[in-house]
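Participant: The structure follows.
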Amino acid sequence: MASHETPFNPSLMNDEEPTRRDVILIAAGGFAAVGAAAVLWPLLDQMNPDASALSLATTEVDISHVEAGQAITVMWRGKPIFIRHRTDQEIAKAKDTPLDDLPDRLARNANLPDDAPAADANRAAKDREPWLVMIGICTHLGCIPKGQAVGDYKGEFGGWFCPCHGSQYDTAGRIRKGPAPQNLAIPPYNFASDTKIKIG
Amino acid sequence: MAHPSSYQPGSRFESWLDARLPVVRVMYDQFMVFPTPRNLNYWWTFGGILTFMLGVQIATGIVLAMHYVPTSDGAFNSVEHIMRDVNWGWLLRYTHAVGASMFFLAAYIHTFRGLYYGSYKAPREVLWILGVLILMLMIATAFMGYSLVWGQMSFWAVTVITNLFSSLDAVIPGLGTKLVEWIWGGFAVGGPTLNRLYSLHYLFPFLIAGVVVLHIWALHIPGNNNPTGIDVKTTRDVVPFHPYYTIKDGFALVAFIVLFAAMVFYAPNLLGHPDNYIPANPLQTPPHIVPEWYFLPFYAILRAIPNKLLGVIALMSSITILFFVPWLDTSKVRSTRYRPIYKWFFWAFVVTCIVLGYLGAQPPEGWYLVFGRIFTVYYFAFFLLVMPAVGLIERPRALPGSITESVLGPEAAGQTVASRSVPNPPAPARKREEVL
Amino acid sequence: MKPWLIASFIVLAMPGTALAQQQNNNHAPEIAHQGWTFSPPFGSYDNAQLQRGFEVYRGICANCHSMRLLSYRNLGEPGGPEFSPKKVETFASQVQVTDGPNEKGEMFQRPARPSDPLRSPFANEQQARAANQGALPPDLSVIAKAREGGPDYIYALLTGYSDPPQGFELAPGMHYNKAFPGHQIAMPPPLSDGAIKYADGTKPTLDNYARDVSAYLMWAAEPKLEERHKTGAQVMIFLLVFLVIMYLAKRTVWARLHHRDATNAA
């Protein structure tokens, strides 16, 4: 046979039955797809928080030295937690606020049902009215509001003021003015004793 | 690379894209309709397997790098953190570690295939050279990757191998030491060394990927070799790559993955060394420093030579000599199938590599050293004596008239006896498309 | 030569050289194989054995050997001893660990939490050496993978103490051990009958201690073994079915070529 017999035309090679849909080929494709998905999952899941991060879910805080009018900030799961020991005036101001004045009427308290209203009793620690425990991250875009330190500007409502875009929280940590949509979130926590709070 | 392409865009979007960046056309031409010899056997599936393994190593490597800490204090513990706490970390780490071994297994088989069937002969010399270059990059990458665990074997392997460069002191006093300190970033292997090994280990696989692209490009100019070693002559000799070789490569790949998975899940530490589960200790050398199995033959050659500098030269030469194979082999016939004398020497070479591998794990003393030297001599003799000499004196067996004839027999192929009496000389550089 | 034969040969060369590496520890004595529940491909750990092994570690070994890569919470995770959460809390809180600095800038002691690593007996390497005549008791987190023979070796070591044979020169402060390479080990025999009491009433013999703590150390080195075997079974079954399907698919596709040849020949 000579070398240049027929000009190369791939369609001429397809003189086999071209469109037979063999079940076995579909099965092969299916298995390949399942295999690919099974391989993909661990590659994605490894980015989720690992077991050691999940285990640091609990932090204990000693509050024995936090006097009325004082506040401390501790870390929990990488986030700042505001713990304020409120004065009587601060408590009264929070309780006197009608719920209708609040842009966000929900308690946002992980220790209570989702629909609990934002009354001060649902924001402060159970049976320990002076104590407020909140995640110190502004619900607008994630800055840390000012108000923990004695000299901080606390905003018009005496609570916390976010310097980034001007959100203002009251003495129960509820949003009153500014772009933040929600009250400061309250994490799961409980009082392990009179002087110790267990968060998470 | 102008040649007639039969790609027809299937949709308006395809036409639009084809006019701007013809990626679909290239994929179609090179991996769908590409005319491939019909008689490729399973030794030809390892190219696809290697591409897959490169993908596996890069994918697992990138996610491992999200958790690994490249400091001398943190490295070992970060690997254990991956094994214990990171979701699926144990699977990713073992896949990456066993994957390196599987990568080399496939690479060595692929290389021996090339040697046996004369795939390095004209016009595929550059293809072969690119392959050797990939092998060298793989060796460097694997060496650096193993060091990252920062176990005893990691640390001391780096110390020993980087110290080899100090042999240059025998050539120019002080040069070797300066070079080694430059590599270390200090006066001994330490944190700076680890950090730069990590950086380069992340980089090299992408260099490999680049050379792989060139390798496949260089292949597609003349087209694939085949077990007979004779050139494609007519359309009957070839089949489109898809579906014939996509499915065959796919089957071989799944078989390979069966072996890979069996090792990952049931014997992940079989090819490793227990000493690498001991954190690196600069003050204590392990009793026997051994590299991973895929380096053992070269290690045996290094230790066979009593002189430090000459041993290093022998080690380097044992790899770089591969570059010259297209010119060392004088045979007019490509495939060892038709080379009755050379065949024996070839298999002796395979045995030599395996025995050198075994010897590389033994202490270099007594009979181990004696045999190490004997087989090292044969290793180099195969390239420097056998390849040039046997090609000249050997009478090859009669080649088939065509690839089709080798598959279907002379009558079905329509060959006459007369037309197949002349052995096929290696073809001058002609593109596959020109022939067809 | 048949290609598959060649392929098998090459593939076997790989573990062949691995075995060669193992045999290369030719200074190490022969280590007998023990039967472990976790050795076979589909094997798993015996929870009760791991719990007893932890008791041995805690009561005896932890006096000198740290296990820094493990946390108390691991003791309750699936695939291991699987102590109850309450027991894990108890184990942790019974132990004092250093934390700090506090607001005064001082380090202080507090009970451990499940998320803490297992408490080390010594603050640092120097302290460990000082307390052990200059020898450093190694961390045991991955010891079962760091020694040739793994748990077989650990068991052989713990049960391998004996009087030195006639004529053997034992250095001062060292102890004769059949399994240890070189036969002289700085660690005095740690186990003896009745050393600790098992909570589940298993006989408190040296042999049981050795077996249980070897299994525990294997888990400590490979906590994911059970998950690995289980996932492996699913993967292998999937792959073997996939392999058969791919083989049949390959045959189906290549049958078209034979059809083409038959057509062309006609």
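Participant: List the residues whose amide H sits under 5 Å from the amide H of B:VAL239, counting only those 5 or more places along or on another chain, with H placed 1.01 Å from N in the peptide plane.
Facilitator: Under 5 Å from the amide H of B:VAL239: B:THR36, B:ARG38.
Participant: How big is the charge dipole of chain A about its Cα centre, in debye rounded to the nearest 20, if each Lys and Arg gets +1 on its Cβ and each Asp and Glu gets -1 on its Cβ?
Facilitator: It works out to roughly 800 debye.
Participant: Same structure again: Roughly how many debye, to the nearest 20, is the charge dipole of the protein assembly as shown about its Cα centre, given +1 on each Lys and Arg Cβ, -1 on each Asp and Glu Cβ, and no other charges?
Facilitator: 2100
Participant: Just rank B:THR336, C:THR202, fewest to most, by other beta-carbon atoms within 10 angstrom. Walk me through the numbers on the way to the answer.
Facilitator: Numbers: B:THR336 21, C:THR202 15.
Going from least to most buried by this count: C:THR202, B:THR336.
Participant: Another question, if that's okay. Two decimals, Cα atoms only, Kirkwood Rh: what is Rg/Rh over chain B?
Facilitator: Answer for chain B: 1.00.
Participant: Another question about this same structure. At what distance in angstrom do the alpha carbon centres of segment C:68-123 and segment C:197-260 lie from each other?
Facilitator: 32
Participant: Please report the net charge: other residues with Cβ closer than 11 Å to the Cβ of B:TYR120, K and R +1, D and E -1.
Facilitator: Surrounding charge for B:TYR120 is +2.
Participant: Could I get the Rg over Rh figure for segment C:81-171? Both from C-alpha atoms, Rh via Kirkwood, rounded to two places.
Facilitator: 1.11
Participant: Could you list which residues have their amide H under 5 Å from that of C:GLU82, counting only those 5 or more apart in sequence or on another chain, with H placed in the peptide plane?
Facilitator: The answer is C:GLU77.
Participant: I need C:MET67, C:MET236 ordered by Cβ neighbour count within 10 Å, fewest first.
Facilitator: Details: C:MET67 23, C:MET236 16.
By the 10 Å Cβ count, ascending, the order reads C:MET236, C:MET67.
Participant: Picking from C:LEU239, C:GLY105, C:SER39, whose Cα lies most toward the positive end of the charge dipole for chain C (charges on Cβ: Lys, Arg +1; Asp, Glu -1)?
Facilitator: Among C:LEU239, C:GLY105, C:SER39, the one farthest towards the positive end of the dipole of chain C is C:LEU239.
Participant: What's the angle, to the nearest 10 degrees (0 to 90), between helix B:125-147's Cα axis and the longest principal axis of chain B?
Facilitator: The two axes meet at around 20 degrees.
Participant: Divide by every residue of chain C the summed helix terms, -39500 (n - 2.57) for each DSSP H run of at least 4, and state the resulting mean residue ellipticity at 222 nm, rounded to the nearest 500 deg cm²/dmol. Write out the running numbers ahead of the final one.
Facilitator: On the way: 7 runs with 116 residues, N = 266.
Mean residue ellipticity, 222 nm, calculated: -14500 deg cm²/dmol.
Participant: Apply the Karplus parameterisation 6.51 cos²θ - 1.76 cosθ + 1.60, with θ equal to phi minus 60°, to every residue of segment B:289-294 and state each ³J(HN,Hα) to the nearest whole Hz, in sequence, with x for glycine and proline.
Facilitator: 3J(HN,Hα) across segment B:289-294, in whole Hz: 8, 10, x, 5, 4, 6.
Participant: DSSP H helices in chain C with Cα extent of 20 Å or more along the helix axis and mean Kyte-Doolittle hydropathy at least -0.5?
Facilitator: Numbers: long enough: C:3-23 (30 Å, 0.95); C:206-221 (22 Å, 0.10); C:225-265 (58 Å, 0.23).
Helices passing the filter in chain C: C:3-23, C:206-221, C:225-265.
Participant: Taking each residue in C:68-75, count the Cβ atoms of any other chain within 10 Å of its Cβ, then average. What number comes out? The partial results should precede the final answer.
Facilitator: Numbers: counts 2, 7, 2, 5, 1, 4, 4, 0.
So the per-residue partner count for this stretch is 3.
Participant: Helix-derived [θ] at 222 nm for chain B: sum -39500 (n - 2.57) over DSSP H runs of at least 4, divide by residue count, nearest 500? Let's see the in-between values first.
Facilitator: Working: 19 runs with 255 residues, N = 436.
Helix-only estimate at 222 nm: -18500 deg cm²/dmol.
Participant: From zero up to wherever the largest Cα-Cα distance of segment B:34-289 sits, split into 10 Å bins and tell me the percent of pairs in each.
Facilitator: Binned Cα distances yield the sequence 6, 26, 30, 21, 13, 4, 0.
Participant: Here's a follow-up. List the relative contact order of segment C:37-169 as a percent without decimals, with contacts defined as Cα pairs under 8 Å and 6+ residues apart.
Facilitator: Result for segment C:37-169 is 23 percent.
Participant: Using the alpha-carbon centroid of each, what span in Å lies between segment B:51-66 and segment B:180-238?
Facilitator: So the separation of the two Cα centres works out to 15 Å.
Participant: Also, I was wondering about something else. Specify the angular offset, from 0 to 90 degrees and rounded to the nearest 10, of the alpha carbon long axis of helix B:191-220 from the longest principal axis of the alpha carbons in chain B.
Facilitator: On a 0 to 90 degree scale, this one is about 0.
Participant: Along the positive direction of the dipole of the protein assembly as shown (beta-carbon charges: Lys, Arg +1; Asp, Glu -1; about the Cα centre), which of B:ILE230, B:ALA280, B:SER166 reaches farthest?
Facilitator: Most positive-ward Cα: B:ILE230.
Participant: Measure nothing fancy, just the Cα-based angle from helix B:366-381's long axis to the longest principal axis of chain B, in degrees from 0 to 90, nearest 10.
Facilitator: So the inclination is approximately 40 degrees.
Participant: Using only the Cα atoms, what convex hull volume per residue in Å³ does the protein assembly as shown have?
Facilitator: 240
Participant: What's the magnitude of the charge dipole for chain B around its Cα centre, counting Lys and Arg as +1 and Asp and Glu as -1 at the beta-carbon? Answer in Debye, nearest 20.
Facilitator: 1080
Participant: List A:HIS165, A:HIS140, C:HIS33 from most exposed to least, where exposure is judged by having the fewest other Cβ atoms within 10 Å. Please report the intermediate quantities before stating the final value.
Facilitator: On the way: A:HIS165 12, A:HIS140 18, C:HIS33 8.
Listing A:HIS165, A:HIS140, C:HIS33 from fewest to most nearby Cβ atoms yields C:HIS33, A:HIS165, A:HIS140.
Participant: Right, something else. Which loop-located chymotrypsin sites (Phe, Trp or Tyr not before Pro) does segment C:130-188 contain, where loop means any DSSP state but H, G, I, E or B and the Cβ has at most 14 other Cβ atoms within 10 Å?
Facilitator: Those that pass, being in a loop and sparsely packed, are C:PHE168.
Participant: Given a Förster distance of 45 angstrom, what is the FRET efficiency for B:ASN195 paired with C:HIS258, based on the Cβ-Cβ distance and rounded to 0.05?
Facilitator: The formula returns an efficiency of 0.15 here.
Participant: Taking the alpha-carbon distance from B:LYS233 and a cut-off under 15 Å, which aspartates and glutamates remain once sequence neighbours fewer than 8 residues away in the same chain are dropped?
Facilitator: A:GLU5, B:GLU405, B:GLU433, B:GLU434
Participant: Sticking with this structure for a sec: In whole Hz, with x marking every Gly and Pro, tabulate ³J(HN,Hα) for segment C:37-42 from phi via Karplus 6.51 cos²θ - 1.76 cosθ + 1.60, θ = phi - 60°.
Facilitator: Karplus-based 3J(HN,Hα) across segment C:37-42 equals 5, 9, 5, x, x, 9 Hz.
Participant: Excluding C:GLN34 itself, calculate the net charge of residues whose Cβ lies under 9 Å from the Cβ of C:GLN34, where each Lys or Arg counts +1 and each Asp or Glu counts -1.
Facilitator: 0
Participant: Using θ = phi - 60° and the Karplus form 6.51 cos²θ - 1.76 cosθ + 1.60, what ³J(HN,Hα) does each residue of segment A:190-197 get, whole Hz, x for Gly and Pro?
Facilitator: Here the 3J(HN,Hα) series is 8, 7, 5, 7, 5, 10, 9, 10 Hz.
Participant: Enter the mean projected area of the convex hull around the alpha-carbon atoms of segment B:197-331, in nm², rounded to one decimal.
Facilitator: Directional mean of the projected Cα hull area for segment B:197-331 stands at 14.0 nm².
Participant: Which whole-number percentage describes the relative contact order of chain B, with Cα contacts under 8 Å and a sequence gap of 6 or more?
Facilitator: Here the relative contact order equals 23 percent.
Participant: Can you give the net charge of the other residues whose Cβ lies under 10 Å from the Cβ of B:TYR7, counting K and R as +1 and D and E as -1?
Facilitator: -2
Participant: To continue, here is another question. Give me the base-10 log of I(q)/I(0) for segment B:41-144 at each q in 0.11, 0.22 Å⁻¹, Debye formula, one uniform scatterer per Cα, rounded to two decimals.
Facilitator: -0.44, -1.14
Laboratory data are not the source of any read-out in this text; all were calculated from the coordinates shown. As the structure is a prediction and not an experimental result, all values here were calculated from the model. Please note: Cβ atoms are built from the backbone with ideal geometry, for glycine as well, and neighbour counts cover all protein chains shown.
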